[in-house]
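Colleague: Here's a structure for you.
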Amino acid sequence: MANVIITGASRGIGFELAKLFGDAGHRVLALSRNEKPISGLKHPNISSFPFDLSKSSDLQKLEQAIQNWKAVDILINNAGRLLNKPFLETTADDFEEVYQVNVFGVTSVTKAVLPKMPKEGHVVTISSMGGVQGSMKFPGLSAYSSSKAAVITLTELWAEEFKETGPSFNVLALGAVQTEMLEEAFPGYQAPVTALEMATYIKEFALTGNKLYNGKLLQVSSSTP
């Protein structure tokens, strides 16, 4: 059984991922600013605590929480911050708030967990089709989509830097999934994929994808957006 850390676990894909891994017998540390949905499950295989990945004090809590773990087999960087706002109205602070979660938070969590990860470990970062060069883009998502592009390149760089020692790094660019975040970005749009369906795919990829992929971007999308 794997030791798994999932960020952004309070709702949507992250919440479903935590339940799927826990139900399969894996040991899960589910992290989010609002831990009530996860702690309310009272699942024997899932632990949690309030976690803001933009706070250095919370990152120290994470390091302490896994101090006695033999290893962290899987890290899923799922937490994300959305901003849908016309570019001319988007302030520098807006950009910083989005990047603080979607880029700097991902790097900080990954850096904190890496010392505990074996060569066979797998870091899976969740990006978006909006961050893929040449994909369809949408107005109002300058901060969000550009931040999701950044973690794609980071994944490629990390895979190269750690190719001798591991772990493996891959990034999934998701298309439309019926989540609260999608409703915020595209009110009224009905996605063809549920959060549970996408979480099921991500779980299996996290467990097995590193056998075939490293430093790769996989586009997981059947629709636009």
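The values are calculated or read from the model by the stated rules, or taken from the named source; none is laboratory data. Keep in mind that what you see is a predicted model, and the values were worked out from it rather than measured. Backbone-built Cβ (ideal geometry, glycine too); neighbour counts: all protein chains shown. Areas reflect the complete protein model, heavy atoms only, side chains present, ligands, DNA and RNA absent. Shrake-Rupley method; radii C 1.70, N 1.55, O 1.52, S 1.80 Å.
Colleague: Looking at the range 112-225, what strands (runs of 3 or more DSSP E) fall wholly within it and have at least 1 residues that are open to solvent by 10 Å² or more (accessible area, probe 1.4 Å) and in contact with a Lys or Arg (Cβ under 7 Å, 6 or more places away or on another chain)? Steps first, answer last, please.
Modeller: On the way: elements: 122-128, 168-174, 216-220.
Fully inside the range 112-225 and qualifying: 122-128.
Colleague: Okay, next question. Would you check which residues across the range 19-72 are surrounded by fewer than 20 Cβ atoms within 10 Å (Cβ to Cβ) and part of a strand (DSSP E or B) and list them?
Modeller: Scanning the range 19-72 gives 27, 47, 49, 50.
Colleague: Looking only at the range 91-111, how many residues end up being more than 13 Å from the chain's Cα centre (by Cα), in a helix (DSSP H, G or I) and not small (Gly, Ala, Ser)? Reasoning before the result, please.
Modeller: Within the range 91-111, the subset more than 13 Å from the chain's Cα centre (by Cα) is 91-100, 111.
With the extra rule that they be in a helix (DSSP H, G or I), the set shrinks to 92-100, 111.
If we keep only those that are not small (Gly, Ala, Ser) as well, we get 93-100, 111.
Matching residues across the range 91-111 total 9.
Colleague: Of the conditions (1) without any contact (Cβ under 8 Å) to a residue 40 or more places away in the chain; (2) more than 24 Å from residue 189 (Cα to Cα); (3) not charged (D, E, K, R), residue 133 satisfies every one except a single condition; which number is it?
Modeller: (2)
Colleague: Further question on the same structure: Checking the condition without any contact (Cβ under 8 Å) to a residue 40 or more places away in the chain, farther than 25 Å from residue 181 by Cβ and basic (Lys, Arg), which residue from 36, 55, 42 passes?
Modeller: Going through 36, 55, 42 in turn, the sole match is 42.
Colleague: How many of the residues making up the range 73-91 are surrounded by fewer than 17 Cβ atoms within 10 Å (Cβ to Cβ) and over 25 Å from residue 180 (Cα atoms)?
Modeller: Residues meeting the conditions: 1.
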